[in-house]
1. For the range 194-201, check the following and say yes or no: at least one residue is in contact (Cβ under 8 Å) with a residue 60 or more places away in the chain and under 19 Å from residue 275 (Cβ atoms).
2. Quick one: how many residues across the range 268-290 are modelled with pLDDT of 90 or more and either within 17 Å of residue 163 (Cβ to Cβ) or loosely packed, with under 12 Cβ neighbours inside 10 Å (or both)?
3. I need the full set of residues from the range 188-219 which are more than 19 Å from residue 247 (Cα to Cα), surrounded by 12 or more Cβ atoms within 10 Å (Cβ to Cβ) and of a type in the set (S, T, N, Q), in order please.
4. How many residues, within the range 157-179, are surrounded by fewer than 12 Cβ atoms within 10 Å (Cβ to Cβ), over 25 Å from the mean Cα position of the chain (by Cα) and in contact (Cβ under 8 Å) with a residue 60 or more places away in the chain?
5. Quick one: residue 137 ticks every box in (1) surrounded by 15 or more Cβ atoms within 10 Å (Cβ to Cβ); (2) without any contact (Cβ under 8 Å) to a residue 60 or more places away in the chain; (3) over 26 Å from residue 107 (Cα atoms) bar one, so which box is it?
6. Given the conditions (1) surrounded by 14 or more Cβ atoms within 10 Å (Cβ to Cβ); (2) at pLDDT 90 or above; (3) at negative phi, and given that residue 154 satisfies all but one, which numbered condition is not satisfied?
7. Among the residues of the range 139-155, are any of a type in the set (S, T, N, Q) and farther than 30 Å from residue 266 by Cα?
Amino acid sequence: MEDFMALARTRHFSRAAELQHVSQPTFSRRIRLLEDAMGATLVNRQTLPLSLTPAGEVFAELCARVTRDVRDTHERVKHLESDASARISVGSTQGLFSHFYQTWAQQAGVAERLQLNLKATNWIGEQFLDALDNGDCDLVLCYWHEDLPWRERLNSGAYRSLTLSKEALIPLSVGDEQGAPRFALPGSAAQPVPLIAYHPRGFLQPAITTHLARQKTTANLLPLNENAQSASVKALVEKGFGMGWLPQRMAQKSEESGSLVRAGDERWDVKLEIRLLRLSQPRSQEFNTLWNTLEAQYDR
């Protein structure tokens with residue numbers, strides 16, 4: 001089409017070929033192939049300067065529209081790519097993505113500047129730090145407590161964090177006909193409480209294990225399985241397979257509806273923070289600007 005438009009402007013094969021940076025025989029062959037493809041003669045070669053046939057005039061209008069649309073689309077795509085590259089990539093645990101991320105990002109005024117890496121919902125624990133190191137994400141949204149098994153790595157100076165909110169893990173169970181928990185802490189050695197547990201390398205199970213070890217009363221638990229995602233724990237607890245600890249934000253509606261009830265009083269609650277993690281050395285000025293915006297809101 002660009003060849004034909006050059007020919008339509010110059011009305012001369014040699015000059016059009018020069019504009020298109022090809023030899024005249026090559027250029028003439030391209031025009032012939034174009035005419036064969038259209039099934040019509042587009043150029044009247046008997047006039048001097050040459051002229052376009054009526055079919056050529058119609059085709060020239062089409063070429064102008066198409067090349068204009070291609071140029072405009074190219075510019076739009078460039079802008080879209082530029083906008084996407086300027087966004088900050090976030091890796092989030094599945095529970096926080098479902099029950100915290102979107103509301104927080106909107107309230108903080110940074111939703112349009114962030115882009116969630118959906119692969120992150122399959123990562124476990126320390127894999128989030130690996131993703132920061134490898135450049136798979138710029139920020140990690142995660143639960144935080146003082147007993148994370150990779151604390152030494154976090155304290156190495158390679159990472160920084162910002163506390164966004166508080167959270168608590170609540171022990172929950174389905175209720176019986178009287179509204180009492182079917183599975184209640186602390187249980188006994190003879191009748192341990194069936195537990196839907198988390199993956200030991202994740203963010204949550206180490207916090208639960210450490211919290212239970214500090215209690216004066218021993219929790220007699222019978223772990224039935226391990227899950228990487230809190231949504232999976234919740235699903236099994238709601239089916240009545242056992243009790244489990246769930247983030248308060250996730251469990252709130254279930255408690256209000258009565259489908260889940262507390263399996264223990266507040267001494268069994270596990271206190272957490274919700275934090276953003278980043279590398280100490282930022283990768284871009286856009287990231288620095290975003291982080292400074294967030295620090296101004298949360299670093300108090």
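1. yes
2. Summing the residues that are modelled with pLDDT of 90 or more and either within 17 Å of residue 163 (Cβ to Cβ) or loosely packed, with under 12 Cβ neighbours inside 10 Å (or both) in the range 268-290 gives 10.
3. Scanning the range 188-219 gives 215, 218.
4. Result for the range 157-179: 2.
5. Among (1) surrounded by 15 or more Cβ atoms within 10 Å (Cβ to Cβ); (2) without any contact (Cβ under 8 Å) to a residue 60 or more places away in the chain; (3) over 26 Å from residue 107 (Cα atoms), residue 137 violates only (3).
6. Only one criterion is unmet by residue 154, namely (2).
7. Yes, that holds for at least one residue.
The values are calculated or read from the model by the stated rules, or taken from the named source; none is laboratory data. Predicted, not measured: the structure shown is a model, and the values here were computed from it. Every residue, glycine among them, receives a Cβ derived from its backbone with ideal geometry; neighbour counts consider all protein chains shown.
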